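Visitor: This is the structure I have questions about; it appears just below.
The values are calculated or read from the model by the stated rules, or taken from the named source; none is laboratory data. Values in this document were obtained by computation on a predicted structure and should not be read as measured data. Glycine also receives a Cβ, built like all others from the backbone with ideal geometry; neighbour counts cover every protein chain displayed. The accessibility values were calculated without ligands, DNA or RNA, using every heavy atom of the protein model including side chains. Shrake-Rupley method; radii C 1.70, N 1.55, O 1.52, S 1.80 Å.
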Amino acid sequence: MKTITFITSENDIIETQANSGSLMELAVKNKVKGIDGDCGGVCSCATCHVHVNQEFWNAVGGPSALESDMLEFDDNVSDYSRLSCQMQVSEVPDGLVLKVAK
Amino acid sequence: MQATTDQTCVIIGASHAGINCAFALRKEGWEGAIIIYDKDPEFPYHRPPLSKAYLTSEAGTEHSLLFPKENYTEDNIQLKLGISVLSIHAEKQIITLSDGSEQRYHKLVLATGARPFIPPIEGIVTAKNVFPMRTATDANNIRQAFNAAPKKRVLIIGGGYIGLETAASLKKLGAEVSVLERESRVLARVTTPEMSAFFTKLHEENGVNILTDKTVTKITPLSEGNLVHCSDNSQYQADVIVVGVGITVNTKLAQSANLILENGIKVSASCQTSNPYIYAIGDCTFHYNMHYQTNIRLESVQNAIDQAKVAAKAICGQTEVIYDSIPWFWSDQFDIKLQIVGLSTDYNNLVIRNEETENSFSMWYFKDDELLAVDAVNFAKAYMLGTRFIKAKQKVDKIKLADTSIPFKPNSFI
Ligand SMILES: Cc1cc2nc3c(=O)[nH]c(=O)nc-3n(C[C@H](O)[C@H](O)[C@H](O)COP(=O)(O)OP(=O)(O)OC[C@H]3O[C@@H](n4cnc5c(N)ncnc54)[C@H](O)[C@@H]3O)c2cc1C
Ligand code: FES
């Protein structure tokens, strides 16, 4: 079981736990405000945009080509942007902290 | 907001629109009961994967759920699956159900969507292994019939997105696939000749037979499989036939409530029907699009979800909620991801921008100088930038846009 923390744009801190699935699914399940996952996780809506806490960036790794194309022109893109539907619980470090993009 | 504790909101249809509406109602503060009915017994699932990843994934893979089961319990959303709603008594605010019971509502949401249109082809009803592609059961049936067929000859009747996606998925599984399209090009109803040509080429390169100007007239049984007859006297053998020629909107219930219908259930900007206690959302609605200033019916996840959220707000008593979205859509076929934003219907000129990578380009649809829509093929940047430009009604420099030597950046084109 991994612990993953989401911080919403209103600074609500939501600590979640999971073994599998995508981080978007995890956020939706835990009603993390700002993560809608409208396209169901196929990289088409960008309603699952998060900023990875800097200290975890290397462990998490950067976006795929399609994902970074989706992010590039997003108003709130940062150097640590990812689409949470493209991140798997099984592949991210335990204790990960993510900030929900506006 | 007035207290809703003692009120019941009933939703008919537990798919993209209905389910998102239920959760949005809780989010917006609806305190009363929420009951959703659907005749489909399957736990509410995403439809888009049915013709895409689900068909090609390993047998036994679960359907991807719209929301996890726990969330329904947590939000106290009552799911009544496997029950059909038979009629609405609008004056009494009651619906009648297939289990013989009735349910009273204070607010009612019609999220009844659409069903596959089965064309009047001789023998289609009695032929074996002929399937539509709309529900989880349809997708399961196609998989089963396909796996059981000794020869893997598949015929797709109808070259729309769902037909082409199904063709691509079954081809990946090693089928011999032909698509029979009545019009002179695939995707005729939904996209431009240029895009149709691209998808025809893509399918042909991957070994799918694309046959246009083919009107199917009759299906007759063979000792193994079926024989499909066309009006030009051509004939095709098939073990599995998938029918994807479009949909019929489910309006029977709306009719029983005497709602105004016009190419679907007519709704206001807040998704209200002609009866103030009844809302309608998703594929079944004929609604006004603010941006394009036109009435339209859309078949997309975006429209289902956005209308669901609008209706939930309106039902919770928020005033001045308006559906004001730019439509978006996607389709996956082979290694191609098509992403569409906007409505290209009224375009009168087109800019095509080819990227260096093969099969990566975008089509920009203009009405005079106004950007209406963008189709992006394996080029999500164009989809995202197009969205931004359309929303902002940004004037775009078409000459620079078409010039691939100019880097693809927002400031390059404005
Ligand atoms: C194979 C496939 C692939 C698709 N791919 C994409 C895609 O890539 N991108 C995209 O944006 N869209 C796609 N779509 C379209 C998208 O799935 C629909 O737009 C969406 O499902 C519409 O949601 P809805 O809730 O309005 O209607 P529906 O999904 O049609 O749901 C309506 C529900 O109402 C129920 N119902 C109707 N009448 C009654 C009654 N009297 N009693 C009880 N229940 C009733 C039905 O059983 C049904 O479950 C695809 C659709 C299909 C079928
Ligand atoms: S859920 Fe749509 S892009 Fe992630």
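Visitor: Note down the relative contact order for chain B as a percent, whole number, built from C-alpha pairs under 8 angstrom at least six residues apart. Working shown, then result.
Guide: On the way: 899 pairs, mean separation 58.5, N = 414.
It comes to 14 percent, rounded to a whole number.
Visitor: Out of all DSSP beta bridges with both ends in chain B, state the antiparallel percent to the nearest 5. Walk me through the numbers on the way to the answer.
Guide: Working: 49 of 84 bridges.
If I count the DSSP bridges inside chain B, around 60 percent turn out antiparallel.
Visitor: If you don't mind, another one. Just the accessible area for residue B:115, please: 1.4 Å probe, Å², rounded to the nearest 10?
Guide: Roughly 110 Å² of residue B:115 is accessible to a 1.4 Å probe.
Visitor: Could you name every residue in region A:26-51 that has 50 Å² or more less accessible surface in the full protein assembly than in its own chain alone (probe 1.4 Å, ligands and nucleic acids excluded)?
Guide: A:29, A:31, A:38, A:44
Visitor: Return the lysines within reach of residue B:395: Cα separation strictly under 24 angstrom, same-chain partners fewer than 8 residues apart disregarded; answer none if there are no such residues.
Guide: B:367, B:381, B:409
Visitor: Let me know the shape class of region B:259-352, please: from the alpha-carbon gyration tensor, a ≥ b ≥ c as square roots of the eigenvalues, rounded when a/c is under 1.5, otherwise prolate if a/b is greater than b/c, or oblate.
Guide: prolate
Visitor: Which percentage, to the nearest 5, of the DSSP beta bridges contained in the protein assembly as shown is antiparallel? Each step should come with its number before you reach the end.
Guide: On the way: 62 of 100 bridges.
In the protein assembly as shown, approximately 60 percent of DSSP beta bridges are antiparallel ones.
Visitor: In addition: How large are Rg and Dmax for the protein assembly as shown when only the alpha carbon atoms are used, in Å?
Guide: Every Cα atom of the protein assembly as shown included, Rg and Dmax give 23.4, 68 Å.
Visitor: Are any of the pairs B:92/B:309; B:214/B:252; A:33/A:99 more than 20 Å apart by Cα-Cα distance, and if so, which? Can you show the working numbers first?
Guide: Values: B:92/B:309 27 Å; B:214/B:252 32 Å; A:33/A:99 11 Å.
The answer is B:92/B:309; B:214/B:252.
Visitor: What number in nm² do you get for region A:2-100 if you take the convex hull of its Cα atoms and divide its surface by four? Kindly include the intermediate steps, with their values, before the conclusion.
Guide: Values: hull surface 21.8 nm².
Seen from a random direction, the Cα hull of region A:2-100 projects 5.5 nm² on average.
Visitor: What do you reckon, how do B:285, B:220, B:357 stack up by accessible area (1.4 Å probe), largest on top?
Guide: Numbers: B:285 0, B:220 40, B:357 95 Å².
From most exposed to least exposed: B:357, B:220, B:285.
Visitor: Based on C-alpha coordinates, I'd like the Rg and Dmax of region B:295-338, in Å.
Guide: Reported Rg and Dmax, both Å: 14.0, 46.
Visitor: Note down the net charge around residue B:324, summing +1 for each Lys or Arg and -1 for each Asp or Glu among other residues with Cβ under 14 Å from its Cβ.
Guide: Numbers: positive: B:309, B:313, B:391, B:393; negative: B:306, B:320.
Local charge sum for residue B:324: +2.
Visitor: So what's Rg/Rh here for chain B, counting alpha carbon atoms and using the Kirkwood radius for Rh?
Guide: Details: Rg = 22.6 Å, Rh = 22.9 Å.
On the Cα set of chain B, Rg over Rh gives 0.99.
Visitor: Could you tell me which of the pairs B:27/B:107; B:52/B:152; B:201/B:391; B:107/B:391 are separated by over 23 angstrom between their Cα atoms in the structure shown?
Guide: Values: B:27/B:107 17 Å; B:52/B:152 18 Å; B:201/B:391 32 Å; B:107/B:391 33 Å.
Pairs exceeding 23 Å: B:201/B:391; B:107/B:391.
Visitor: Rolling a 1.4 angstrom probe over the protein heavy atoms, how many square angstrom per residue are accessible across chain B?
Guide: Result: 43 Å² per residue.
Visitor: Project the alpha carbons of region B:335-412 onto their principal axes and report the range along each, largest first, in whole Å.
Guide: 30, 24, 20
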